[in-house]
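Student: Starting off with a structure, shown below.
The values are calculated or read from the model by the stated rules, or taken from the named source; none is laboratory data. What you are looking at is a predicted structure, and each value in this text was computed from that prediction instead of being measured. These accessible areas exclude ligands, DNA and RNA; they are computed on the full protein's heavy atoms, side chains included. Shrake-Rupley method; radii C 1.70, N 1.55, O 1.52, S 1.80 Å.
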Amino acid sequence: MIKMNERVRIIIADDHPMFRAGVRIELEKIENLEIIGETGNGKDALKLIKEHSPDVAILDFQMPEMNGLEITAQLKKEKNTVKIILLTMHNEKRIFQKAINIGVDGYILKEDAVLDIVSAVKTVIDGGTFFSSKLTVYLIDKFKSTQKDKNGEMINELSRTEREILKLISELNSNDEISEKLFISKRTVENQRVIISKKLNLTGAKELLKFSVKYREYL
């Protein structure tokens, strides 16, 4: 039995009664938890939340009259503090991104709901966010993509000579070798390395080399 120090009040909104029943069975494993309302209609879910002020609202993405995202957006607009866990059959980046932007506290794929719902409730009550494990890969890819886009933009701001020097650095050329290949003095190469490092917000002798190798595809 999972214990919580204070009573947790929950509303479940999903238009499939059997699915709601399955979620309820799992939630009843949590001590000090009370399910204060259930519905299969989006507008009714919003009304229940406003009338009863639950700690957590578990909302299906697709429901008659209002979907889970529309309800969440309305509650966030009104600065309602209820924690929102969104249930969905969609493993789509577009919907997931929209849910994050709106401000859901949890996002669970329905296929994983029985396994994840208890952990999700515990996590959001403790102030955290919970996402189905199958979405972790997307989060990591999104972070990597954001970082690459950011660094790609920084590289694009370098001059042609600076990019040529950075490319040669990525190929492990020494300052002397870069000097010979670009027909510039060694002193100029050294100065250019300092300028490039500043533009890329890099500090330390080895950081420019690490950066150039990691983002060689942009050069």
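Student: Can you list the residues, at least 5 places off or on another chain, whose amide H is less than 5 Å from the amide H of residue 83, using H built in the peptide plane?
Tutor: It is 56, 57, by chain and number.
Student: Going down the table (76/122; 47/110; 93/199; 29/77; 93/206), which pairs top 26 Å between alpha carbons?
Tutor: Exceeds cut-off: 93/199; 29/77; 93/206.
Student: Leaving ligands, DNA and RNA out of it, report the carbon-plus-sulfur percent of the accessible area of the chain at a 1.4 Å probe. The partial results should precede the final answer.
Tutor: Details: 6210 of 12450 Å².
Result for the chain: 50 percent of the exposed heavy-atom area is carbon or sulfur.
Student: Need one number for the chain: average projected area of the convex hull over its C-alpha atoms, nm².
Tutor: Average of the hull's projected areas for the chain equals 15.8 nm².
Student: Also, I was wondering about something else. Got a sec to turn the phi values of segment 100-116 into Karplus ³J(HN,Hα) couplings, 6.51 cos²θ - 1.76 cosθ + 1.60 with θ = phi - 60°, whole Hz, x for Gly and Pro?
Tutor: Whole-Hz 3J(HN,Hα) from phi for segment 100-116: 5, 4, 5, x, 5, 8, x, 9, 10, 6, 4, 5, 10, 4, 4, 6, 9.
Student: Is the C-alpha gyration tensor of segment 1-118 telling us rounded, prolate or oblate? Criteria: a/c under 1.5 is rounded; beyond that, a/b larger than b/c is prolate, otherwise oblate.
Tutor: Values: a/c = 1.45, a/b = 1.21, b/c = 1.20.
It is rounded, given that a/c, with a ≥ b ≥ c, falls under 1.5.
Student: Which whole-number percent of Cα pairs in segment 1-59 have a distance greater than 20 Å?
Tutor: Values: 397 of 1711 pairs.
Here the long-distance tail beyond 20 Å is 23 percent of all Cα pairs in segment 1-59.
Student: Also: Could you order 116, 176, 14 by accessible surface area, starting with the largest, using a probe radius of 1.4 Å?
Tutor: The residues order as 176, 116, 14, largest area first.
Student: Mind ranking 185, 133 by accessible surface for me, highest first, 1.4 Å probe?
Tutor: Accessible-area ranking of 185, 133, largest first: 133, 185.
Student: May I pose another question? Whole-Hz Karplus ³J(HN,Hα) for segment 82-90, in order, using 6.51 cos²θ - 1.76 cosθ + 1.60 and θ = phi - 60°, x for Gly and Pro?
Tutor: These are the phi-based 3J(HN,Hα) values: 4, 7, 10, 10, 9, 9, 8, 8, 9 Hz.
Student: Probe of 1.4 angstrom, ligands and nucleic acids ignored: what's the accessible area per residue over the chain, in square angstrom?
Tutor: 57 Å²
Student: Excluding same-chain residues fewer than 8 positions from residue 210, which aspartates and glutamates have a Cα within less than 13 Å of its Cα?
Tutor: Reachable aspartates and glutamates: 171.
Student: Residues with amide H under 5 Å of residue 62's amide H, sequence separation 5 or more or different chain, H placed in the peptide plane at 1.01 Å from N; which?
Tutor: Here the answer is 68, since their amide H atoms fall under 5 Å of that of residue 62.
Student: Is the shape of segment 164-216 rounded, prolate or oblate, going by the alpha carbon gyration tensor and its root eigenvalues a ≥ b ≥ c, with a/c under 1.5 for rounded and a/b larger than b/c for prolate?
Tutor: Judged from the Cα gyration tensor, segment 164-216 comes out oblate (a/c at least 1.5, b/c at or above a/b).
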